[in-house]
Amino acid sequence: MADGSFEEFYEATYHRLLRQLVLVTGDRGDAEDLLQDAFGRAAVRWRRLRDYQAPEAWVRRVALRLATDRARRTRRRAAALLRLRPSRPPSVELSADLLDLYNALRGLPAGQRQAVVLHHLVGLPVEEVASHLNLPVGTVKSRLSRGRAALARGLAVPGPEVIRHDR
Amino acid sequence: MTDDLDLRPRLERLATELTRDALAPPAAAAYRRGRRRRRRQLAGAGLLTVALVALMVWPGAGLLDRGRPTVVPVAPAPRPTTPAPKLRPLRPPQAAPGQSAVVIQDPPLGLPGKMHTWLTECNQVKFGHGGREFQVPSFTIKRGDQRISWYVYPLGPVGSKRYKGPWANIQTWTEDPNNPRDPGSFPFVEVYGPQVQVHLSKPNGRKGSIVGPYSIVQGTTYKTLRQPTGARVAIAWNCDAPPGVVPP
(Lines give C-alpha, C1' and ligand atoms only; values in the text may rest on other atoms or scores of the structure.)
Protein backbone atom coordinates (compact mmCIF):
# COMPACT_ATOMS: atom_id res chain seq x y z
CA MET A 1 0.00 0.00 0.00
CA ALA A 2 3.03 2.27 -0.15
CA ASP A 3 2.18 5.75 -1.42
CA GLY A 4 -1.53 4.82 -1.60
CA SER A 5 -4.08 7.27 -0.28
CA PHE A 6 -6.37 6.40 2.58
CA GLU A 7 -9.39 6.82 0.28
CA GLU A 8 -8.06 4.18 -2.13
CA PHE A 9 -7.34 1.80 0.72
CA TYR A 10 -10.78 2.41 2.18
CA GLU A 11 -12.57 1.80 -1.12
CA ALA A 12 -10.56 -1.35 -1.79
CA THR A 13 -11.03 -3.00 1.58
CA TYR A 14 -14.30 -1.75 3.05
CA HIS A 15 -16.63 -4.39 1.64
CA ARG A 16 -14.24 -7.25 2.18
CA LEU A 17 -13.80 -6.36 5.84
CA LEU A 18 -17.50 -5.74 6.30
CA ARG A 19 -18.27 -9.25 5.03
CA GLN A 20 -15.88 -10.71 7.58
CA LEU A 21 -17.08 -8.59 10.46
CA VAL A 22 -20.75 -9.16 9.82
CA LEU A 23 -20.21 -12.86 10.44
CA VAL A 24 -18.42 -12.10 13.68
CA THR A 25 -21.04 -9.69 15.01
CA GLY A 26 -24.06 -11.26 13.33
CA ASP A 27 -25.49 -7.83 12.71
CA ARG A 28 -24.73 -5.55 9.79
CA GLY A 29 -25.35 -2.36 11.75
CA ASP A 30 -22.89 -3.40 14.47
CA ALA A 31 -20.34 -4.50 11.88
CA GLU A 32 -20.60 -1.19 10.01
CA ASP A 33 -20.25 0.78 13.22
CA LEU A 34 -17.20 -1.17 14.38
CA LEU A 35 -15.63 -0.96 10.97
CA GLN A 36 -16.09 2.80 10.80
CA ASP A 37 -14.50 3.10 14.21
CA ALA A 38 -11.54 0.99 13.11
CA PHE A 39 -11.17 2.91 9.84
CA GLY A 40 -11.35 6.18 11.81
CA ARG A 41 -8.40 5.05 13.90
CA ALA A 42 -6.57 4.04 10.76
CA ALA A 43 -7.29 7.40 9.10
CA VAL A 44 -5.61 9.49 11.80
CA ARG A 45 -2.48 7.36 11.71
CA TRP A 46 -2.49 6.61 7.99
CA ARG A 47 0.98 8.09 7.38
CA ARG A 48 2.45 5.36 9.53
CA LEU A 49 -0.01 2.62 8.56
CA ARG A 50 0.47 2.95 4.82
CA ASP A 51 4.02 1.68 5.20
CA TYR A 52 2.79 -1.50 6.85
CA GLN A 53 2.80 -4.68 4.81
CA ALA A 54 -0.88 -5.27 5.44
CA PRO A 55 -2.82 -2.27 6.73
CA GLU A 56 -5.97 -4.27 6.10
CA ALA A 57 -4.92 -6.78 8.74
CA TRP A 58 -4.37 -3.87 11.15
CA VAL A 59 -7.90 -2.58 10.58
CA ARG A 60 -9.34 -6.09 10.90
CA ARG A 61 -7.45 -6.67 14.11
CA VAL A 62 -8.66 -3.37 15.59
CA ALA A 63 -12.23 -4.07 14.53
CA LEU A 64 -12.13 -7.53 16.10
CA ARG A 65 -10.72 -6.11 19.31
CA LEU A 66 -13.46 -3.50 19.35
CA ALA A 67 -16.01 -6.23 18.77
CA THR A 68 -14.62 -8.20 21.70
CA ASP A 69 -14.62 -5.13 23.94
CA ARG A 70 -18.16 -4.25 22.98
CA ALA A 71 -19.33 -7.80 23.52
CA ARG A 72 -17.73 -7.81 26.94
CA ARG A 73 -19.31 -4.49 27.88
CA THR A 74 -22.75 -5.52 26.84
CA ARG A 75 -22.54 -9.10 27.99
CA ARG A 76 -25.01 -8.69 30.80
CA ARG A 77 -27.44 -6.75 28.71
CA ALA A 78 -27.06 -9.24 25.88
CA ALA A 79 -27.62 -12.13 28.24
CA ALA A 80 -30.86 -10.54 29.36
CA LEU A 81 -31.90 -9.91 25.78
CA LEU A 82 -31.04 -13.45 24.77
CA ARG A 83 -33.22 -14.80 27.53
CA LEU A 84 -36.07 -12.81 26.11
CA ARG A 85 -35.22 -13.38 22.47
CA PRO A 86 -32.93 -16.38 22.09
CA SER A 87 -32.42 -16.14 18.37
CA ARG A 88 -31.85 -12.74 16.88
CA PRO A 89 -33.27 -12.69 13.37
CA PRO A 90 -31.02 -11.49 10.58
CA SER A 91 -31.73 -8.08 9.07
CA VAL A 92 -32.24 -9.67 5.64
CA GLU A 93 -34.24 -12.65 4.47
CA LEU A 94 -32.14 -15.79 4.18
CA SER A 95 -32.73 -19.15 2.60
CA ALA A 96 -33.30 -22.07 4.99
CA ASP A 97 -29.75 -23.44 4.78
CA LEU A 98 -28.19 -20.01 5.29
CA LEU A 99 -30.54 -19.29 8.17
CA ASP A 100 -29.35 -22.53 9.82
CA LEU A 101 -25.76 -21.45 9.35
CA TYR A 102 -26.54 -17.96 10.64
CA ASN A 103 -28.19 -19.34 13.77
CA ALA A 104 -25.46 -21.89 14.31
CA LEU A 105 -22.83 -19.17 13.97
CA ARG A 106 -24.71 -16.89 16.33
CA GLY A 107 -24.84 -19.70 18.84
CA LEU A 108 -21.06 -19.91 19.04
CA PRO A 109 -19.17 -18.07 21.77
CA ALA A 110 -17.55 -14.91 20.39
CA GLY A 111 -14.03 -16.36 20.57
CA GLN A 112 -14.96 -19.45 18.56
CA ARG A 113 -16.87 -17.35 16.04
CA GLN A 114 -13.87 -15.10 15.47
CA ALA A 115 -11.57 -18.08 15.00
CA VAL A 116 -13.96 -19.78 12.58
CA VAL A 117 -14.43 -16.64 10.47
CA LEU A 118 -10.73 -15.82 10.34
CA HIS A 119 -9.72 -19.35 9.46
CA HIS A 120 -12.54 -20.52 7.22
CA LEU A 121 -13.71 -17.28 5.58
CA VAL A 122 -10.61 -15.06 5.57
CA GLY A 123 -8.45 -18.12 4.97
CA LEU A 124 -5.76 -17.33 7.54
CA PRO A 125 -3.61 -20.23 8.72
CA VAL A 126 -4.01 -21.21 12.35
CA GLU A 127 -0.76 -19.50 13.34
CA GLU A 128 -1.92 -16.21 11.83
CA VAL A 129 -5.30 -16.50 13.49
CA ALA A 130 -3.47 -16.96 16.79
CA SER A 131 -1.37 -13.89 16.11
CA HIS A 132 -4.45 -11.91 15.08
CA LEU A 133 -6.33 -12.78 18.24
CA ASN A 134 -3.24 -12.66 20.43
CA LEU A 135 -3.81 -16.21 21.58
CA PRO A 136 -1.68 -19.38 21.77
CA VAL A 137 -1.94 -21.64 18.71
CA GLY A 138 -3.32 -24.45 20.86
CA THR A 139 -6.16 -22.28 22.07
CA VAL A 140 -7.07 -21.35 18.50
CA LYS A 141 -7.01 -25.02 17.43
CA SER A 142 -9.26 -25.89 20.33
CA ARG A 143 -11.67 -23.05 19.52
CA LEU A 144 -11.77 -24.07 15.87
CA SER A 145 -12.41 -27.68 16.74
CA ARG A 146 -15.21 -26.84 19.17
CA GLY A 147 -16.64 -24.25 16.83
CA ARG A 148 -16.75 -26.68 13.95
CA ALA A 149 -18.32 -29.37 16.13
CA ALA A 150 -21.01 -26.91 17.27
CA LEU A 151 -21.63 -25.78 13.69
CA ALA A 152 -21.93 -29.40 12.60
CA ARG A 153 -24.56 -29.97 15.24
CA GLY A 154 -26.37 -26.78 14.21
CA LEU A 155 -26.25 -27.74 10.55
CA ALA A 156 -27.36 -31.30 11.32
CA VAL A 157 -24.19 -32.72 9.83
CA PRO A 158 -22.57 -35.65 11.66
CA GLY A 159 -19.46 -34.41 13.39
CA PRO A 160 -16.10 -36.14 13.42
CA GLU A 161 -16.19 -39.57 15.01
CA VAL A 162 -14.65 -39.72 18.44
CA ILE A 163 -12.65 -42.85 19.16
CA ARG A 164 -12.42 -43.75 22.80
CA HIS A 165 -9.58 -45.80 24.17
CA ASP A 166 -10.88 -47.68 27.19
CA ARG A 167 -8.22 -48.66 29.64
CA MET B 1 -7.70 -27.64 9.57
CA THR B 2 -9.95 -29.66 7.28
CA ASP B 3 -13.18 -28.18 6.04
CA ASP B 4 -15.48 -31.23 5.76
CA LEU B 5 -18.44 -28.95 6.47
CA ASP B 6 -17.66 -27.08 3.28
CA LEU B 7 -17.73 -23.97 5.42
CA ARG B 8 -15.93 -21.52 3.22
CA PRO B 9 -18.45 -21.28 0.37
CA ARG B 10 -21.33 -21.30 2.83
CA LEU B 11 -19.78 -18.54 4.90
CA GLU B 12 -19.07 -16.59 1.70
CA ARG B 13 -22.72 -16.88 0.67
CA LEU B 14 -23.96 -15.91 4.10
CA ALA B 15 -21.65 -12.88 4.22
CA THR B 16 -22.78 -11.86 0.74
CA GLU B 17 -26.42 -12.09 1.75
CA LEU B 18 -25.93 -10.20 5.00
CA THR B 19 -24.06 -7.36 3.31
CA ARG B 20 -26.20 -7.20 0.20
CA ASP B 21 -26.75 -3.60 -0.96
CA ALA B 22 -24.36 -2.33 1.69
CA LEU B 23 -22.96 1.04 0.69
CA ALA B 24 -19.61 2.18 1.95
CA PRO B 25 -19.94 5.53 3.74
CA PRO B 26 -17.52 8.15 2.42
CA ALA B 27 -13.97 7.83 3.63
CA ALA B 28 -14.24 11.39 4.95
CA ALA B 29 -16.73 10.13 7.53
CA ALA B 30 -14.11 7.74 8.88
CA TYR B 31 -11.61 10.62 8.97
CA ARG B 32 -14.02 12.76 10.94
CA ARG B 33 -14.74 9.94 13.33
CA GLY B 34 -11.04 9.31 13.92
CA ARG B 35 -10.34 13.00 14.48
CA ARG B 36 -13.27 13.31 16.91
CA ARG B 37 -11.97 10.36 18.88
CA ARG B 38 -8.47 11.81 18.99
CA ARG B 39 -9.80 15.17 20.15
CA ARG B 40 -11.72 13.42 22.90
CA GLN B 41 -8.58 11.56 23.94
CA LEU B 42 -6.53 14.79 24.02
CA ALA B 43 -9.23 16.59 25.96
CA GLY B 44 -9.35 13.71 28.45
CA ALA B 45 -5.57 13.73 28.84
CA GLY B 46 -5.64 17.51 29.30
CA LEU B 47 -8.30 17.27 31.97
CA LEU B 48 -6.36 14.58 33.75
CA THR B 49 -3.21 16.71 33.67
CA VAL B 50 -5.06 19.73 35.02
CA ALA B 51 -6.57 17.60 37.78
CA LEU B 52 -3.18 16.17 38.73
CA VAL B 53 -1.52 19.59 38.76
CA ALA B 54 -4.39 21.00 40.81
CA LEU B 55 -4.01 18.15 43.27
CA MET B 56 -0.27 18.77 43.55
CA VAL B 57 -0.52 22.51 44.15
CA TRP B 58 -3.49 22.18 46.47
CA PRO B 59 -2.36 23.39 49.93
CA GLY B 60 -3.69 20.23 51.55
CA ALA B 61 -1.69 17.97 49.25
CA GLY B 62 1.01 17.56 51.88
CA LEU B 63 -1.52 15.97 54.20
CA LEU B 64 -2.10 13.17 51.72
CA ASP B 65 1.49 11.99 51.92
CA ARG B 66 3.13 13.05 55.12
CA GLY B 67 6.19 10.98 54.36
CA ARG B 68 7.19 13.24 51.50
CA PRO B 69 6.19 16.79 52.42
CA THR B 70 6.33 19.36 49.65
CA VAL B 71 6.75 22.17 52.15
CA VAL B 72 9.65 21.87 54.54
CA PRO B 73 8.37 22.62 58.04
CA VAL B 74 10.06 25.45 59.86
CA ALA B 75 11.35 24.85 63.34
CA PRO B 76 9.57 27.00 65.94
CA ALA B 77 11.36 30.07 67.21
CA PRO B 78 12.71 29.74 70.72
CA ARG B 79 11.56 32.20 73.36
CA PRO B 80 13.60 35.37 72.81
CA THR B 81 16.10 35.74 75.60
CA THR B 82 19.05 37.33 73.86
CA PRO B 83 19.02 38.93 70.41
CA ALA B 84 19.94 36.50 67.65
CA PRO B 85 23.59 36.86 66.62
CA LYS B 86 24.37 38.39 63.24
CA LEU B 87 25.15 35.55 60.92
CA ARG B 88 28.18 35.52 58.67
CA PRO B 89 27.58 34.76 55.00
CA LEU B 90 28.27 31.19 53.97
CA ARG B 91 27.58 29.47 50.69
CA PRO B 92 26.83 25.74 50.76
CA PRO B 93 29.52 23.54 49.19
CA GLN B 94 29.00 21.34 46.17
CA ALA B 95 28.33 17.65 46.78
CA ALA B 96 29.22 15.10 44.15
CA PRO B 97 26.69 12.31 43.41
CA GLY B 98 26.64 9.90 46.32
CA GLN B 99 28.58 12.29 48.55
CA SER B 100 28.13 14.97 51.17
CA ALA B 101 30.29 18.04 51.87
CA VAL B 102 30.54 20.27 54.96
CA VAL B 103 31.90 23.75 55.56
CA ILE B 104 32.12 25.06 59.15
CA GLN B 105 32.97 28.58 60.23
CA ASP B 106 35.11 28.70 63.39
CA PRO B 107 35.15 24.90 63.54
CA PRO B 108 34.61 23.62 67.11
CA LEU B 109 35.50 20.29 68.78
CA GLY B 110 38.68 19.93 66.75
CA LEU B 111 36.76 19.58 63.51
CA PRO B 112 38.32 20.62 60.20
CA GLY B 113 36.77 23.62 58.41
CA LYS B 114 35.96 21.61 55.31
CA MET B 115 35.09 17.94 54.91
CA HIS B 116 33.54 15.70 52.37
CA THR B 117 32.87 11.99 52.20
CA TRP B 118 30.51 9.39 50.76
CA LEU B 119 26.97 8.93 51.95
CA THR B 120 25.69 5.65 53.26
CA GLU B 121 22.19 4.67 52.17
CA CYS B 122 19.75 7.60 52.52
CA ASN B 123 16.54 6.21 53.90
CA GLN B 124 13.57 6.59 56.15
CA VAL B 125 14.18 5.50 59.74
CA LYS B 126 11.76 4.91 62.58
CA PHE B 127 12.04 5.94 66.19
CA GLY B 128 9.85 5.79 69.26
CA HIS B 129 6.18 5.04 68.77
CA GLY B 130 5.26 5.93 65.22
CA GLY B 131 8.04 8.47 64.76
CA ARG B 132 10.01 8.56 61.52
CA GLU B 133 12.45 10.71 59.65
CA PHE B 134 14.33 10.73 56.38
CA GLN B 135 18.02 10.66 57.19
CA VAL B 136 21.09 11.41 55.11
CA PRO B 137 24.01 9.82 56.95
CA SER B 138 27.67 10.19 55.97
CA PHE B 139 30.43 7.63 56.17
CA THR B 140 32.79 8.06 59.11
CA ILE B 141 35.96 10.07 58.46
CA LYS B 142 39.10 8.95 60.31
CA ARG B 143 41.71 11.50 61.40
CA GLY B 144 44.13 9.65 63.66
CA ASP B 145 42.05 8.63 66.68
CA GLN B 146 39.36 11.14 65.82
CA ARG B 147 36.21 9.95 64.07
CA ILE B 148 33.72 12.27 62.38
CA SER B 149 30.37 11.65 60.77
CA TRP B 150 27.29 13.74 60.19
CA TYR B 151 23.60 13.24 59.70
CA VAL B 152 21.08 15.50 57.97
CA TYR B 153 17.32 15.23 58.43
CA PRO B 154 16.22 17.58 55.66
CA LEU B 155 12.47 16.98 55.88
CA GLY B 156 12.24 17.21 59.63
CA PRO B 157 11.16 14.29 61.77
CA VAL B 158 7.57 13.22 62.25
CA GLY B 159 6.61 12.49 65.84
CA SER B 160 9.72 13.88 67.55
CA LYS B 161 9.33 15.79 70.80
CA ARG B 162 12.62 17.66 70.47
CA TYR B 163 12.85 18.48 66.76
CA LYS B 164 9.99 20.12 64.87
CA GLY B 165 11.78 20.88 61.62
CA PRO B 166 14.86 20.11 59.54
CA TRP B 167 18.04 19.59 61.46
CA ALA B 168 21.54 18.19 61.17
CA ASN B 169 24.30 17.11 63.47
CA ILE B 170 28.02 16.52 63.21
CA GLN B 171 29.35 13.95 65.60
CA THR B 172 32.96 13.58 66.57
CA TRP B 173 34.49 11.13 68.98
CA THR B 174 37.76 9.38 69.70
CA GLU B 175 38.46 5.72 69.36
CA ASP B 176 40.10 4.33 72.44
CA PRO B 177 40.27 0.54 72.43
CA ASN B 178 41.11 0.57 76.16
CA ASN B 179 38.16 2.75 77.04
CA PRO B 180 35.42 2.31 74.43
CA ARG B 181 32.62 4.88 74.64
CA ASP B 182 29.41 5.28 72.83
CA PRO B 183 29.94 7.89 70.09
CA GLY B 184 26.53 9.30 70.97
CA SER B 185 27.77 10.29 74.41
CA PHE B 186 30.26 12.88 73.08
CA PRO B 187 29.37 16.53 72.50
CA PHE B 188 28.16 17.18 68.99
CA VAL B 189 27.42 20.06 66.66
CA GLU B 190 23.72 20.68 66.15
CA VAL B 191 22.20 22.73 63.33
CA TYR B 192 18.61 23.46 64.20
CA GLY B 193 16.28 26.39 64.68
CA PRO B 194 14.38 29.12 62.88
CA GLN B 195 17.51 30.57 61.28
CA VAL B 196 18.32 27.32 59.52
CA GLN B 197 17.78 27.43 55.78
CA VAL B 198 17.12 24.28 53.82
CA HIS B 199 17.22 24.13 50.06
CA LEU B 200 15.93 20.95 48.46
CA SER B 201 16.81 20.31 44.83
CA LYS B 202 14.47 17.35 45.03
CA PRO B 203 11.29 17.49 47.11
CA ASN B 204 11.91 14.00 48.44
CA GLY B 205 14.99 15.33 50.23
CA ARG B 206 17.54 13.24 48.35
CA LYS B 207 19.51 16.28 47.19
CA GLY B 208 19.95 19.68 48.77
CA SER B 209 21.73 21.74 51.38
CA ILE B 210 21.23 22.99 54.90
CA VAL B 211 22.86 26.18 56.22
CA GLY B 212 22.54 27.63 59.69
CA PRO B 213 24.11 28.64 62.96
CA TYR B 214 25.17 25.80 65.17
CA SER B 215 25.22 25.01 68.83
CA ILE B 216 27.22 22.45 70.78
CA VAL B 217 25.07 19.85 72.53
CA GLN B 218 26.10 17.18 75.00
CA GLY B 219 25.26 13.73 73.73
CA THR B 220 22.97 11.49 75.80
CA THR B 221 21.68 14.38 77.95
CA TYR B 222 21.06 16.80 75.05
CA LYS B 223 22.11 19.69 77.26
CA THR B 224 23.20 22.74 75.28
CA LEU B 225 26.85 23.41 76.01
CA ARG B 226 27.21 26.44 73.75
CA GLN B 227 24.56 28.65 72.19
CA PRO B 228 24.78 29.58 68.50
CA THR B 229 27.05 32.42 67.53
CA GLY B 230 27.35 34.19 64.20
CA ALA B 231 29.31 31.23 62.81
CA ARG B 232 27.45 28.83 60.59
CA VAL B 233 27.63 25.34 59.16
CA ALA B 234 26.69 24.41 55.61
CA ILE B 235 26.12 20.81 54.57
CA ALA B 236 25.28 19.73 51.03
CA TRP B 237 24.32 16.22 50.00
CA ASN B 238 23.36 14.30 46.91
CA CYS B 239 21.91 10.84 47.50
CA ASP B 240 21.24 10.18 43.84
CA ALA B 241 24.39 8.63 42.50
CA PRO B 242 24.14 7.19 39.01
CA PRO B 243 24.65 3.43 38.63
CA GLY B 244 28.28 2.49 38.93
CA VAL B 245 29.14 5.20 41.47
CA VAL B 246 29.91 3.29 44.65
CA PRO B 247 31.79 4.27 47.78
CA PRO B 248 35.40 3.00 47.86
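Here are the numbers:
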read-out	value
Test: residue in region B:6-23 that is assigned to a loop (DSSP other than H, G, I, E, B) and either surrounded by 13 or more Cβ atoms within 10 Å (Cβ to Cβ) or away from every other protein chain (no Cβ under 11 Å) (or both)	yes
Which numbered condition B:Gly219 fails, given (1) of a type outside the set (Val, Ile, Thr); (2) part of a loop (DSSP other than H, G, I, E, B); (3) surrounded by fewer than 16 Cβ atoms within 10 Å (Cβ to Cβ)	(3)
Criterion violated by B:Gly193 - all others in (1) farther than 19 Å from B:Ser100 by Cβ; (2) assigned to a strand (DSSP E or B); (3) touching a residue at least 60 places away in the same chain (Cβ under 8 Å); (4) among the small types (Gly, Ala, Ser) satisfied	(2)
Number of the exception - B:Ala54 against (1) within 24 Å of A:Ala31 (Cβ to Cβ); (2) at pLDDT below 90; (3) not in a loop (DSSP other than H, G, I, E, B)	(1)
Test for B:Val125: is it in contact (Cβ under 8 Å) with a residue 12 or more places away in the chain, closer than 16 Å to B:Trp150 by Cβ and either among the hydrophobic types (A, V, I, L, M, F, W, C) or not in a strand (DSSP E or B) (or both)	no
Residue in region A:1-57 that is nearest to the other protein chains (Cβ to nearest Cβ), counting only those that are closer than 21 Å to A:Thr68 by Cα and among the basic types (Lys, Arg)	A:Arg19
Some residue of region B:141-160 being free of Cβ contacts under 8 Å to residues at least 24 places away in the same chain, over 29 Å from B:Pro203 (Cβ atoms), of a type outside the set (Lys, Arg) and in a loop (DSSP other than H, G, I, E, B)	yes
Search result, residues across region A:1-27 that are buried (at least 19 other Cβ atoms within 10 Å of the Cβ) and of a type outside the set (Val, Ile, Thr)	A:Phe6, A:Phe9, A:Tyr10, A:Tyr14, A:Leu17, A:Leu18, A:Arg19, A:Gln20, A:Leu21, A:Leu23, A:Gly26
Among the residues listed as B:Pro203, B:Pro247, B:Pro177, the single one being at pLDDT below 85 and not assigned by TED's automatic domain parsing to the domain that holds B:Gln105	B:Pro247
Selected residue (only one of B:Gly219, B:Gly208, B:Gly212 is under 23 Å from B:Leu119 (Cβ atoms), in contact with a helix residue (DSSP H, G or I) (Cβ under 9 Å, 6 or more places away or on another chain) and not hydroxyl-bearing (Ser, Thr, Tyr))	B:Gly219
Single match in A:Ser91, A:Ser87, A:Ser5 (criterion: at pLDDT below 85 and either hydrophobic (A, V, I, L, M, F, W, C) or farther than 23 Å from A:Val122 by Cβ (or both))	A:Ser87
Members of region A:125-142 found to be more than 11 Å from chain B (Cβ to nearest Cβ) and either crowded, with 23+ Cβ neighbours inside 10 Å or farther than 20 Å from A:Ala71 by Cα (or both), listed by number	A:Glu127, A:Glu128, A:Ser131, A:Pro136, A:Val137, A:Gly138, A:Ser142
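The values are calculated or read from the model by the stated rules, or taken from the named source; none is laboratory data. Predicted model only: the values in this text are computed from it and were never measured. Reconstructed Cβ throughout: ideal geometry from the backbone, glycine too, with neighbour counts over all protein chains shown.
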